[in-house]
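S.K.: Pasting a structure below so you can have a look.
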Amino acid sequence: MAELPRHKVLLDEAEMPTQWYNIVPDLPSPPPPALHPGTLQPAGPEDFLPLFPMDLILQEVSGDRYVDIPEEVQDVYRLWRPSPLFRAHRLEKALGTPARIYYKYEGVSPAGSHKPNTAVPQAYYNAKAGVRKLTTETGAGQWGTALAFACSLFGLECEVWQVGASYDLKPYRRTMMEVFGATVHRSPSELTESGRRIRKDDPEHPGSLGIAISEAVEVAAPDPAVRYALGSVLNHVLMHQTIIGEEALKQFAKIGETPDVIVGCTGGGSNFGGLAFPFLREKLAGTMSPIIRAVEPVSCPSLTQGVYAYDFGDTAGLTPLMKMHTLGHGFIPDPIHAGGLRYHGMSPLLSHIYELGLIEALAVPQTECFTAALQFARTEGIIPAPEPTHALAACIREALACKESGEEKVILTALCGHGHLDLASYDAFLSGRMVDEVITADRFTASLADLPDVGA
Ligand SMILES: Cc1ncc(COP(=O)(O)O)c(C=O)c1O
């Protein structure tokens, strides 16, 4: 009997990786340090203490290649991990491509995305440090849900500033966070100086991730019982997400495949880094040679159109300065449908890796993304979150190029979340109300002119 086509590659719970991978020591040069905004000197652990517990600060600056995943965290991971690796047979057939398309599906988590991979350890280390409450921002609503879930498991309170556009469009994300016990505010809010300043001019302001971060940081920093948790951007967050790539490596080994192209969407860089870094380790070691490509929205193109400079991580300028690809901390992206990609900057680690020429980047307009999402949903059966539709669009571009050239490339992407609570965006697309923003460089002139001056 002919062998039936395999749709998914599964790992047993016992095969789940037990260490996160830190790519920093394997890079040809380390990323530039974060700077204290007052002294402009490299920020030390004490500069981060008002925001994060020491365990996470040490992970942020760690030079160790591997960090053990605590037993308590592994135990929670096993609620949904290892996550499946799918082969997109039906999508391949619909495209008529000789390429083999694989996607690592993170929508199986309680929040519906990759975000609990870092929410759980962040809640764990904060609880261990005796913290009472975590504050955070959320753009897509996925991160807020993930942190609310993680806090509920470790007995922490959770207060979330949800970006206004997301709060208005996704009421059930708020409900989900509340089910897990969190308190949720529309950002910008009246509760903080950062929020009030913006609401003075525009009470209906759609908000941005940068503004919501300012609000959450402003509340956490002065209170020793409260800490802040970030869902992306930082080294330790990307490191927690490497469980995705480590699992995918094992899954590829099981079927004797290696990827030729890896594509992932980038907001702050965490699902992309999480998938790509273990493969990049192998590439740097010479065991495989995939092209690794980051995909961002045309409306918020930090990697492809931003400058590589020191900037604040938030709009109000409350965080340490980080060297990253940025459109300027004052840049407010249009309220596009992929709320998780509306961030003015990019992870400093990923930015550095991009500068080293180890990854490529491209920007895709949202209607192409949703066209790809429909094609994916109608063949593979999963409705993607708006963010990974960017990766799917790039995946389809690559698969169609293979159709032209006849190449049988192996393409791997992260389907980092489902879109079950993003149906308003699908509705906008299906009813023809979704438009692509035409964006020219002058859109960033003002915000780029306002970058902090760190000298030569
Ligand atoms: C489903 C999903 N994908 C991607 C992102 C973008 O973040 P990152 O680049 O850190 O993966 C988000 C952020 O909220 C998200 O919710």
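S.K.: Which residues, counting only those in the range 290-323, are under 14 Å from S351 (Cα atoms) and not in a strand (DSSP E or B)?
M.R.: P301, S302, L303, T304, Q305, G306, G313
S.K.: Please go through the range 46-79 and pick out each residue that is among the aromatic types (F, W, Y) and open to solvent by 20 Å² or more (accessible area, probe 1.4 Å). Let's see the steps before the verdict.
M.R.: At the first step, the residues of the range 46-79 found to be among the aromatic types (F, W, Y) are 48, 52, 66, 77.
Once the filter is applied, which keeps residues that are among the aromatic types (F, W, Y) and open to solvent by 20 Å² or more (accessible area, probe 1.4 Å), the range 46-79 yields F48, Y66.
Residue-by-condition table, conditions (1) crowded, with 24+ Cβ neighbours inside 10 Å; (2) part of a loop (DSSP other than H, G, I, E, B):
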position	(1), (2)
F376	yes, no
P386	yes, yes
R397	no, no
A401	no, no
E404	no, no
E407	no, yes
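S.K.: So R293 ticks every box in (1) open to solvent by less than 10 Å² (accessible area, probe 1.4 Å); (2) more than 11 Å from the ligand (Cβ to nearest atom); (3) among the charged types (D, E, K, R) but one. Which box is left unticked?
M.R.: It fails just one condition, (1).
S.K.: Suppose the filter is over 19 Å from I243 (Cα atoms) and either at pLDDT below 95 or touching a helix residue (DSSP H, G or I) at 6+ places or on another chain (Cβ under 7 Å) (or both); does P53 pass it? Reasoning before the result, please.
M.R.: Numbers: over 19 Å from I243 (Cα atoms): yes; either at pLDDT below 95 or touching a helix residue (DSSP H, G or I) at 6+ places or on another chain (Cβ under 7 Å) (or both): yes.
Against the criterion (over 19 Å from I243 (Cα atoms) and either at pLDDT below 95 or touching a helix residue (DSSP H, G or I) at 6+ places or on another chain (Cβ under 7 Å) (or both)), P53 qualifies.
S.K.: Separate question: Out of G267, G273, G340, I need the residue that is in contact (Cβ under 8 Å) with a residue 12 or more places away in the chain, within 16 Å of the ligand (Cβ to nearest atom), crowded, with 22+ Cβ neighbours inside 10 Å and in a loop (DSSP other than H, G, I, E, B). Which one?
M.R.: Working: G273 fails: in a loop (DSSP other than H, G, I, E, B); G340 fails: in a loop (DSSP other than H, G, I, E, B).
Matching residue, one of G267, G273, G340: G267.
S.K.: Can you say whether I411 is at pLDDT 95 or above, more than 18 Å from G268 (Cα to Cα) and buried (at least 24 other Cβ atoms within 10 Å of the Cβ), as far as the supplied structure shows? Lay out the reasoning, then the answer.
M.R.: On the way: at pLDDT 95 or above: yes; more than 18 Å from G268 (Cα to Cα): yes; buried (at least 24 other Cβ atoms within 10 Å of the Cβ): yes.
Judged against the criteria, I411 is a match.
S.K.: Within the group E92, E106, which residue is acidic (D, E), away from the ligand (no atom under 11 Å from the Cβ) and either at pLDDT 95 or above or in contact with a Leu (Cβ under 9 Å, 6 or more places away or on another chain) (or both)? Working first, answer last.
M.R.: Details: E106 fails: away from the ligand (no atom under 11 Å from the Cβ).
Going through E92, E106 in turn, just one is acidic (D, E), away from the ligand (no atom under 11 Å from the Cβ) and either at pLDDT 95 or above or in contact with a Leu (Cβ under 9 Å, 6 or more places away or on another chain) (or both): E92.
S.K.: Out of all the residues in the range 5-19, is one or more at pLDDT below 95 and assigned to a loop (DSSP other than H, G, I, E, B)? I'd like the intermediate steps shown before the answer.
M.R.: Step one: filter the range 5-19 for residues at pLDDT below 95, giving 5-6.
Then drop every residue that is not assigned to a loop (DSSP other than H, G, I, E, B), which leaves 5-6.
Yes, the range 5-19 contains at least one residue that is at pLDDT below 95 and assigned to a loop (DSSP other than H, G, I, E, B).
S.K.: Take the range 343-354 and flag every residue that is in a helix (DSSP H, G or I) and open to solvent by less than 40 Å² (accessible area, probe 1.4 Å). Before the answer, list the steps.
M.R.: Pass one, the range 343-354, residues in a helix (DSSP H, G or I): 348-354.
If the condition is that a residue be in a helix (DSSP H, G or I) and open to solvent by less than 40 Å² (accessible area, probe 1.4 Å), then P348, L349, L350, S351, H352, I353 are the ones that fit.
S.K.: Can G357 be described as part of a loop (DSSP other than H, G, I, E, B), more than 12 Å from the ligand (Cβ to nearest atom) and free of Cβ contacts under 8 Å to residues at least 60 places away in the same chain?
M.R.: Details: part of a loop (DSSP other than H, G, I, E, B): yes; more than 12 Å from the ligand (Cβ to nearest atom): yes; free of Cβ contacts under 8 Å to residues at least 60 places away in the same chain: yes.
Taking the combined requirement at face value, the residue satisfies it.
S.K.: Of all residues being in a helix (DSSP H, G or I) and touching a residue at least 40 places away in the same chain (Cβ under 8 Å) in the range 252-264, which is least open to solvent (accessible area, probe 1.4 Å)? Just the residue, please.
M.R.: Our first condition is that a residue be in a helix (DSSP H, G or I); within the range 252-264, this holds for 252-255.
If we keep only those that are touching a residue at least 40 places away in the same chain (Cβ under 8 Å) as well, we get 252, 254-255.
Values: F252: 4, K254: 104, I255: 47 Å².
It comes out as F252.
S.K.: Take the residues in the range 414-434 that are over 24 Å from the mean Cα position of the chain (by Cα) and not in a helix (DSSP H, G or I), then tell me which one is farthest from the ligand (Cβ to nearest atom).
M.R.: Filtering the range 414-434 for residues that are over 24 Å from the mean Cα position of the chain (by Cα) and not in a helix (DSSP H, G or I), the one farthest from the ligand (Cβ to nearest atom) comes out as G432.
The values are calculated or read from the model by the stated rules, or taken from the named source; none is laboratory data. Just so it is clear, the model here is predicted, and its values are computed rather than measured. Neighbour counts are summed over all protein chains in view; Cβ atoms, including those assigned to glycine, are modelled from backbone coordinates with ideal geometry. For accessibility, only protein heavy atoms count, side chains too; no ligands or nucleic acids. Shrake-Rupley method; radii C 1.70, N 1.55, O 1.52, S 1.80 Å.
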